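Presented below is the structure to which this report refers.
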Amino acid sequence: MTVVTFGSKIRNDTAGLHAVKRRMTTQDLVYEQLRDALIAGKFEAGQGFTIAALAEQFGTSHMPVREALRRLAAENALSIGTSGTAMVPLTSTAGLDYLGQARCVLEGAAARLAAERIDPASIDRLKAITDVHVNALRDGASDRMLASNREFHFMIYEAAGNPVMVNLIQNLWLRYGPYVRMLSDRMTDLLIHDDGGDYSRHHVEIMDALRAQDGAGAEEALKADILATQALLHKFCR
């Protein structure tokens, strides 16, 4: 394992991390920023960083960083070595498939529930997010595309009205982060000769099913979206 100084292999240098100042516990704020960066694919698989380097980046003592890393390790988002160095899990085709299977079950069920409860204003908002997603794809803006994709999905899951389910899905996305990074690193090249329409097709199908209050259709369209991304990642994953 190669241990790198914090920020040297993170997208946009610092992955948007900053000194914590808000009225939450320092540990919670450190955890929140690391969690969000992991979900967004800001860290590479196998990337290592030390408590000291993270504490310097956040402008905190070692203790809140250590506790935040322990929380993330308990969620299987990181592993921590005997020296205290944290590492982003490595990717594998088996790991990708396990996560994909779990995502299809949970996220598909959430989409089915959302079809029963989502209101027209929320569907209009999903349409606006999809427009951002399509434009980002056409511009080759992978970070914007991934952010809008995440917003689209979690708006549906929140609409399901089941906070336990949302929490479980968040954990799956947290563990999916290294695969998101893998996709992000290659997305610009993939879009050079593609207008992005095919990558957003499933979002349109999901919205159509939600608008029709078709729970089974929403579930199947969302599963198809997950499986399409999984098939794409299989080309890069070893």
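The values are calculated or read from the model by the stated rules, or taken from the named source; none is laboratory data. All of these numbers come straight from a predicted model, not from anything done at the bench. For neighbour counting, all protein chains shown are included, and Cβ atoms are generated from backbone atoms with ideal geometry for every residue, glycine included.
Numbers at a glance
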quantity: Out of Asn149, Asn167, sole residue that is under 18 Å from the mean Cα position of the chain (by Cα) and either under 17 Å from Leu210 (Cα atoms) or at pLDDT below 95 (or both); calculated: Asn149
quantity: Residue within the range 31-48 that is in contact with a Pro (Cβ under 9 Å, 6 or more places away or on another chain) and at pLDDT below 65 present; calculated: no
quantity: Candidate set from the range 62-77 (those that are of a type outside the set (D, E, K, R) and without any contact (Cβ under 8 Å) to a residue 12 or more places away in the chain); member that is farthest from Val180 (Cα to Cα); calculated: His62
quantity: Pro163 buried (at least 22 other Cβ atoms within 10 Å of the Cβ) and either in the same structural domain as Gln230 (by TED's automatic domain parsing) or out of contact with any helix residue (DSSP H, G or I) (no Cβ under 6 Å at 6 or more places or on another chain) (or both); calculated: no
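For (1) over 23 Å from Asn76 (Cβ atoms); (2) touching a residue at least 60 places away in the same chain (Cβ under 8 Å), each residue gets a yes or a no:
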{"residue": "Thr91", "(1), (2)": "no, yes"}
{"residue": "Val105", "(1), (2)": "no, no"}
{"residue": "Glu116", "(1), (2)": "yes, yes"}
{"residue": "Arg144", "(1), (2)": "yes, no"}
{"residue": "Asn162", "(1), (2)": "no, no"}
